[in-house]
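Worksheet for the structure shown next.
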Amino acid sequence: KFSVVIAGGGSTFTPGIVRMLLENLERFPLRTLKLYDNDAERQGILGEALAILMKEQAPEIDFSYTTDPEEAFTDVDFCMAHIRVGKYAMREQDEKIPLNHGVIGQETCGPGGIAYGLRSIGGMIELIDYMEKYSPDCWMLNYSNPAAIVAEACRVLRPDSKVLNICDMPVGTLRRMSQIIGKTPDELEVRYFGLNHFGWWTSIKDKQGHEYLDQIREYVAENGYLTTVEVETQHTDPSWQQTHKKAKDLLAVNPRYLPNTYLKYYLYPDDEVSHSDCSYTRANEVMNGREKEVFDAARTITEKGTAAGDEFHIDSHASFIVDLARAISFNTHERMLMIVENNGAIANFPDDAMVEVPCIVGNDGPEPLAQGKIPDFEKTLMYQQVMVEKMVVEAYVEGSYQKLWQALTLSKTIPSAGVAKNLLDDLIEANKDFWPEL
Ligand code: G6P
């Protein structure tokens, strides 16, 4: 039986993940489950309710929540990390400041992602150091955003640490694709290359080797990834529906492969900005929606003293985290898309780039599968973007204003060095409690 700590215990996703873990106890048995956060108040609201739920549904598991790193990280096998440095208040800034300059406002792409990245690096390194100090054999299953910059920072600053970087986006999109062809994700095997939130599926086959790329392409050309069965409440929000629909425009400009939907921020930024409302962004949608619902549900459970009303939804889509933990623990050799150092997986791309590719995961970690050479269009877009990510991490390490300005200037989401500078100055001001001195 395993001992797990969830870092980011106060996250709106935590209750759904705890319920998902309970659903998967047969596949991944737990002896201890701890929550860790540096915000005692926020985590306390969820922790109190989850303690009631755990006592009712899995009394054999030792459940606790704490803000003390030693308590949290002692005797753990896995740290599931989903931290958000600056919380939703700063996500709102990441989205609104760029929009006020006529630029994409998004939490992981463009200037907002860069700002969030510079906030997250310190927090991630702190977690890794706690983990290595108190449980040296522990693995970190990291899905903290912005995953691309966070993964690059881990590569540079903690190259030998046992950190596995993974994102839910390809998992969610594959589920949509499987619905389109009347299959389930576990019946399918994919080939894919890219960066996090920036990639393409090149093959979707069943285990018998039948290729579904054309069939899915035909559907996506008409409907994007909008499917008739909505399985997650998160993705029924209007902004997500619009994102899934937009895949059809991405396919139109580049019909070769099936796109990750976040490519819309790089290929159609003007259109995105014109449809955005800089006084009400995704952060507002989440704060008024999921955040309210989850914290209200927690308060209800605590007031009633029982979780029998089923207020917390199961985040079954997060079960990829269990698949990953199982791959490490039981050497399952599961095939999963992960963010890893390229080292030749994409033949004509730099070795030291953090790329997203299918990997076989066993108890030594991921072994990337060779995806061969990629075409010029995709390669050029990826190279420009990966250099943005690398320069952001360099700017963090060197404390360099100049490098960060260059990184922003290189981003395809920003039209000029002048706009980049104005944006940078506003972002520095907004992030002064979080960023290193530049
Ligand atoms: C997708 C992305 C995640 C991101 C999430 C945001 O799942 O892959 O990286 O965190 O969307 O969702 P939200 O509902 O908070 O906008």
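Dividing the summed -39500 (n - 2.57) terms of all DSSP H runs of n ≥ 4 by the residue count of the chain sets its mean residue ellipticity at 222 nm at -15000 deg cm²/dmol. Mind checking which of Val150, Pro136, Tyr88 is farthest towards the positive end of the chain's charge dipole, using Cβ charges of +1 (Lys, Arg) and -1 (Asp, Glu) about the Cα centre? The one lying farthest along the dipole's positive direction is Val150. Charging the Cβ of each Asp and Glu at -1 and of each Lys and Arg at +1, and nothing else, the dipole of the chain about its Cα centre rounds to 820 debye. Summarising the label geometry, the points placed 7 Å from Cα in the beta-carbon direction at Phe2 and Thr380 lie 4.3 nm from one another. The slack in the chain from Glu126 to Ser64, taken as 0.36 nm per residue of separation less the alpha-carbon distance, amounts to 20.2 nm.
Quick one: of Lys96/Lys412; Lys87/Lys248; Lys379/Lys412; Lys390/Lys412; Lys248/Lys412; Lys87/Lys245, which pairs are farther than 23 Å apart, Cα to Cα?
Beyond 23 Å: Lys87/Lys248; Lys87/Lys245.
Under 15 Å Cα to Cα from Lys421, which aspartates and glutamates show up? Leave out anything in the same chain fewer than 8 places away. Cross-link targets: Glu429.
Each of Val355, Val76, Val273 was scored by other Cβ atoms within 10 Å of its Cβ. Arranged with the fewest first, they read Val273, Val76, Val355.
Please identify the trypsin sites (Lys or Arg not before Pro) of the stretch 1-76 that satisfy two criteria: DSSP loop assignment and at most 16 other Cβ atoms within 10 Å. Which are they?
Values: sites: Lys1, Arg19, Arg27, Arg31, Lys34, Arg42, Lys55; in loops: Lys1, Arg27.
Sites meeting the loop and neighbour criteria: Lys1, Arg27.
Annotation: the residues Leu22, Leu263, sorted from fewest to most other C-beta atoms within 10 Å of their own C-beta, follow the order Leu22, Leu263.
Between the residues Gly199, Val18, Met287, the greatest Cα displacement towards the positive end of the dipole of the chain, with unit charges on the Cβ of Lys, Arg, Asp and Glu, is found for Gly199.
This ranking places His244, His210, His317 by how few other beta-carbon atoms lie within 10 Å of each, fewest first, which gives His210, His317, His244. Relative contact order for the chain: 18 percent, from Cα pairs under 8 Å spaced at least 6 residues apart, divided by residue count.
For Lys34, the lysines whose Cα falls under 16 Å of its own Cα, not counting residues fewer than eight places away in the same chain, are Lys1, Lys55.
Count neighbours as other Cβ atoms within 10 Å of each site's Cβ, and list the trypsin sites (Lys or Arg not before Pro) in the stretch 298-402 that are DSSP loop with at most 16 such neighbours. Sites meeting the loop and neighbour criteria: Lys373.
Charging the Cβ of each Asp and Glu at -1 and of each Lys and Arg at +1, and nothing else, the dipole of the stretch 128-275 about its Cα centre rounds to 220 debye.
Quick note: the coordinates plus some simple rules give every number you see, no bench work behind them. Nothing here was measured: the structure is a model prediction, and the numbers come from that model. Here the Cβ is made from the backbone with ideal geometry for all residues, glycine too, and neighbour counts use every protein chain on show.
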